[in-house]
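Participant: Here's a structure for you.
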Amino acid sequence: MAHVYISIVGATLIALFSMTAVAETPAPATSGIEGTIVVSPTRPGPIRKDEERSVAPVRNAQFAIKIGDATVKTFTTDGEGRFQVALPPGHYVIVREGAPPRIGRWRFEADVVVGQVTKVNWTADSGMR
């Protein structure tokens, strides 16, 4: 009977030490890009000095993340123009998918560093004048 208790206590201690070792293992460092994309101007015509800049979030738009000509990932902004995407370290070019050519500026660049999330706030040019 004592042998059974010793076995149970031993198994419990081994399980506890295993869980402690797993709990203390640091999570792998994540890296990527997160931020907000807005577009300006949102209405044509001149903007007076006392007027606020016409800016709006880029809602539910899809973007491609590229290295050279190859697309490595895509993401879609939320209703407030926010996004977050995990990426390995590197230099990336981000372009809006489906944006008409020659209208506005929908190209951004970002550098991702090991273990860090690059925070960005980009303003796209709508092409309105």
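The values are calculated or read from the model by the stated rules, or taken from the named source; none is laboratory data. All values reported here derive from a predicted model rather than from experimental measurement. Reconstructed Cβ throughout: ideal geometry from the backbone, glycine too, with neighbour counts over all protein chains shown. Accessible surface areas use protein heavy atoms only, side chains included; no ligands, DNA or RNA. Shrake-Rupley method; radii C 1.70, N 1.55, O 1.52, S 1.80 Å.
Participant: Step by step: first the residues of the range 37-59, then only those that are open to solvent by 40 Å² or more (accessible area, probe 1.4 Å) and either closer than 16 Å to Glu97 by Cα or among the hydroxyl-bearing types (Ser, Thr, Tyr) (or both), then the one that is farthest from the chain's Cα centre (by Cα). Which residue is that?
Facilitator: Thr42
Participant: Quick check on my filter: what residues within the range 60-81 are touching an Asp or Glu at 6+ places or on another chain (Cβ under 9 Å) and surrounded by 15 or more Cβ atoms within 10 Å (Cβ to Cβ)?
Facilitator: If the condition is that a residue be touching an Asp or Glu at 6+ places or on another chain (Cβ under 9 Å) and surrounded by 15 or more Cβ atoms within 10 Å (Cβ to Cβ), then Ala61, Phe63, Ala64 are the ones that fit.
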